[in-house]
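Note sheet for the following structure.
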Amino acid sequence: MKKGLEKTRKGITEKVDNVLKSYKKIDEELFEELEEILITADVGVNTTLKIIEDLKDKVRERKIEDPSEINNLLKEEITELLTDYETNNKLDLEPAPAILLVVGVNGVGKTTTIGKLAHRFKSEGKKVLVAAGDTFRAAAIEQLSEWCNRAGVDIIANKEGSDPAAVIFDAIQAAKARKADILICDTAGRLHNKKNLMNELNKIFRIVDREYSEATREVLLVLDATTGQNAIMQARTFKEACNITGLALTKLDGTAKGGVVLAVQSELKVPVKLVGVGEGIEDLQDFDPNNFVDALFS
Ligand code: GDP
């Protein structure tokens, strides 16, 4: 988990350390500086305020006077935030057959994440099939085909402009015929209008319900960690449009604002399951809250 978190560690933990070192006693001003660091790191206003309030309570209850002890309190608080509700941070695609629907707006890293996942499952010895459900951009189909080539898995695609639900239908029949363990479905990433998005996704979900109800299902929303509050807004919209079971947060390596992990998970109550930490095929990690916190505070 260390890879990909260097910038965020600088953006949160190192700054917190420096602030704590500059104070001889714990006062309101210190908490204000901590608040600013968390907000700047995209932890989100609500989550930040909750963290600061909890820190103040703990300082009071435990009669803590030394500013340096706040570091451990913060680590404890972030761990609690990431683990305080019934959550399963592991992508759960057992038993086979399974279908993984991947949703998210264009540019967030959806294609790349699908490529990395296809490679991972294939390396685990699974039979993988990919459906090119984003039929609105020819480039999207081409790019996905390239990733599938690299991963060594088959892809089911139709022409640009064809009905995405029809591609998913075809892919499900192919997955059944070829006895695929996992079918990964790309979906269109246009978010210009919520009603369209809902209609498109509903159509796909109805096909899956009807044609592949026996399959274990996960719905993964891909979000770009570098977009901060925008990512949270996207998550809210998609959560209204379909039943998201997990999040993949990409480009964590490219931002000091990895605090967005806390914001999305604690405000939306959808578990982060994967994090993207680079552009390579291996640069995808399972998200483990404890490892995340350990890497952040190492
Ligand atoms: P899509 O439009 O959502 O399918 O996005 P793409 O998969 O094409 O990715 C958009 C850009 O983000 C590409 O240049 C990717 O290489 C890059 N990208 C995707 N995931 C990551 C990641 O985890 N880290 C970094 N640094 N770049 C990423």
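The values are calculated or read from the model by the stated rules, or taken from the named source; none is laboratory data. Please read all numbers here as calculations on a predicted model, not as lab measurements. Cβ atoms come from the backbone with ideal geometry, glycine included; neighbour counts cover every protein chain shown. Only protein heavy atoms, including side chains, enter the accessible area calculation; ligands, DNA and RNA are left aside. Shrake-Rupley method; radii C 1.70, N 1.55, O 1.52, S 1.80 Å.
Our note on the geometry: Cα centres of segment 237-298 and segment 18-36, 28 Å apart.
Every helix of 4 or more DSSP H residues in the chain counts as -39500 (n - 2.57), and over all residues that averages to -15000 deg cm²/dmol at 222 nm. Of the peptides 172-181, 283-292, the order by per-residue mean of other Cβ atoms within 10 Å, starting with the highest, comes out as 283-292, 172-181. Among the lysines of segment 98-244, pairs that are 8 or more positions apart or on different chains and have alpha carbons within less than 19 Å of each other number 17.
Return one number: the angle in degrees, 0 to 90 and rounded to the nearest 10, between the long axis of the Cα atoms of helix 110-123 and the longest principal axis of the Cα atoms of the chain. Tilt of helix 110-123: around 80 degrees.
Amide H to amide H distances under 5 Å link Ile99 with Leu183, Thr216, Arg217, Glu218, where only residues 5 or more positions off or on other chains count and H is placed in the peptide plane. Given R₀ = 22 Å, what would the calculated FRET efficiency be for Glu214 paired with Ser162, taking r from the Cβ atoms and rounding to 0.05? The calculated FRET efficiency here is 0.25. Per the Debye formula with a single identical scatterer at each Cα and no solvent contribution, what log10 I(q)/I(0) holds for segment 1-156 at q = 0.09, 0.18 Å⁻¹? Summing over Cα pairs of segment 1-156 leads to -0.50, -1.03. Seen against the Cα atoms of the chain and their longest principal axis, helix 28-40 is set at about 20 degrees.
Of the residues Asp224, Asp209, ranked by 1.4 Å probe accessible area with the largest first, the sequence reads Asp209, Asp224.
Quotient of the Cα radius of gyration of segment 153-298 and 2.2 N^0.38 Å, N being its number of residues: 1.14. One decimal place: the segment Ser68-Thr237 gains 56.8 nm when fully extended, by the rule 0.36 nm per residue minus the C-alpha distance. Using the Cα coordinates of segment 2-84, the gyration tensor eigenvalues translate into equivalent-ellipsoid semi-axes of 19, 15, 12 Å, sorted from longest to shortest. What part of the accessible area of segment 98-244, given as a whole %, is carbon or sulfur when the probe is 1.4 angstrom? So the carbon and sulfur contribution to the accessible surface is 47 percent. Distance distribution P(r), the chain, all Cα-Cα pairs, bin width 10 angstrom from 0: 6, 28, 31, 19, 10, 5, 1 percent.
On a per residue basis, segment 98-244 carries 41 Å² of accessible surface, using protein heavy atoms and a 1.4 Å probe.
Helix 229-241 and the longest principal axis of the Cα set of the chain meet at an angle near 50°.
Protein-only accessible surface at a 1.4 angstrom probe places the residues Met233, Met198 in the order Met233, Met198, largest first.
The mean sequence separation of alpha-carbon pairs under 8 Å and at least six residues apart, normalised by the residue count of segment 213-298, gives a relative contact order of 26 percent.
With the convex hull drawn over the C-alpha atoms of segment 91-244, the volume per residue is 103 Å³. Each Cα pair under 8 Å and six or more residues apart adds its sequence gap; the mean of these over the residue count of the chain is a relative contact order of 28 percent. Once backbone amide H atoms are built at 1.01 Å from N, Asp224 has Thr250 as its partners under 5 Å, excluding neighbours fewer than 5 places away on the same chain. To put it simply, the accessible area of segment 2-84 at a 1.4 Å probe is 47 percent carbon and sulfur.
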